[in-house]
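Shown next, in structure tokens, is the structure this report addresses.
The values are calculated or read from the model by the stated rules, or taken from the named source; none is laboratory data. Treat the numbers as computed from the prediction; the structure is a model and nothing was measured. Cβ: placed from backbone, ideal geometry, glycine included. Neighbour counts: every protein chain shown.
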Amino acid sequence: MARSFWLMKSEPDVYSIDDLAADEGQTTCWDGVRNYQARNFMRDSMKVGDQVLFYHSNADPSGVAGIASIAAQAYADPTAFDKKDKHYDAKSDPDNPAWMMVDVKFVKRFSKVIPLSELKTYSQLDGMELLRRGSRLSVQPVEKSHFDFIVKLGAKRPKS
């Protein structure tokens with residue numbers, strides 16, 4: 001079966017690539033997604049072994065910080081049922097969950113974040129969802145050629 005490629009956004013002050021690298025087993029659940037299109041990607045398309053560009057959003061600079069992989073296929077997001085959780089959804093039904101999550105596993109941290117402003121300068125990334133005007137999805141598909149190009153950029157980054 002063919003591998004797919006993704007970009008997943010997280011605010012580094014909430015959960016960063018460093019947090020993922022430090023977590024026990026270097027794996028975490030990707031909870032709290034409350035966008036139906038992003039949920040559908042996780043629920044319907046993500047498979048174990050798919051590769052992920054880990055993106056730091058709302059950061060200085062925002063950009064790709066490293067690589068992760070999908071470690072578990074989609075399952076119900078329990079934060080939707082927890083009234084004390086900030087991701088609680090009163091309309092969500094445990095017997096027919098609206099919100100899903102996947103597990104992601106740390107693969108590699110780039111020595112420096114590849115800023116969004118830099119990514120926009122490469123014609124090799126034309127058509128990438130992240131670079132589309134108005135694109136705000138926190139989980140989005142990435143073409144293999146775009147994934148490979150960004151990974152090569154990350155490998156070339158000098159240490160700061």
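Here are a few things to note about the model shown:
- Subset of region 44-70 (residues that are in a loop (DSSP other than H, G, I, E, B) and over 20 Å from Glu24 (Cα atoms)): Met46, Lys47, Asp50, Ser57, Asn58, Ala59, Asp60, Pro61, Ser62
- The set of residues in region 1-23 that are buried (at least 17 other Cβ atoms within 10 Å of the Cβ) and touching a residue at least 40 places away in the same chain (Cβ under 8 Å) comprises Ser4, Phe5, Trp6, Leu7, Met8, Lys9, Ser10, Pro12, Ser16, Ile17, Leu20.
Residue by residue, here is whether (1) surrounded by 13 or more Cβ atoms within 10 Å (Cβ to Cβ); (2) over 19 Å from the mean Cα position of the chain (by Cα); (3) among the β-branched types (Val, Ile, Thr); (4) outside any strand (DSSP E or B) holds:
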{"site": "Ala72", "(1), (2), (3), (4)": "yes, no, no, no"}
{"site": "Thr79", "(1), (2), (3), (4)": "yes, no, yes, yes"}
{"site": "Lys86", "(1), (2), (3), (4)": "no, yes, no, yes"}
{"site": "Lys91", "(1), (2), (3), (4)": "no, yes, no, yes"}
{"site": "Met101", "(1), (2), (3), (4)": "yes, no, no, no"}
{"site": "Val104", "(1), (2), (3), (4)": "yes, no, yes, no"}
{"site": "Arg109", "(1), (2), (3), (4)": "yes, no, no, no"}
{"site": "Val113", "(1), (2), (3), (4)": "yes, no, yes, no"}
{"site": "Thr121", "(1), (2), (3), (4)": "no, yes, yes, yes"}
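- Residue within region 87-105 that is touching a residue at least 40 places away in the same chain (Cβ under 8 Å), basic (Lys, Arg), under 20 Å from Trp6 (Cβ atoms) and touching a Ser or Thr at 6+ places or on another chain (Cβ under 8 Å) present: yes
- Any hit, region 141-158, residues being modelled with pLDDT of 95 or more, among the β-branched types (Val, Ile, Thr), over 20 Å from Glu11 (Cα atoms) and assigned to a loop (DSSP other than H, G, I, E, B): no
- In the condition set (1) in a helix (DSSP H, G or I); (2) at pLDDT below 95, Asp18 is compliant with all but (2).
- Qualifying residues in region 123-140 (those that are in contact (Cβ under 8 Å) with a residue 40 or more places away in the chain and in a helix (DSSP H, G or I)) - the one surrounded by the fewest Cβ atoms within 10 Å (Cβ to Cβ): Glu129
- Any hit, region 103-110, residues being of a type in the set (Phe, Trp, Tyr), modelled with pLDDT of 95 or more and closer than 22 Å to Glu129 by Cα: yes
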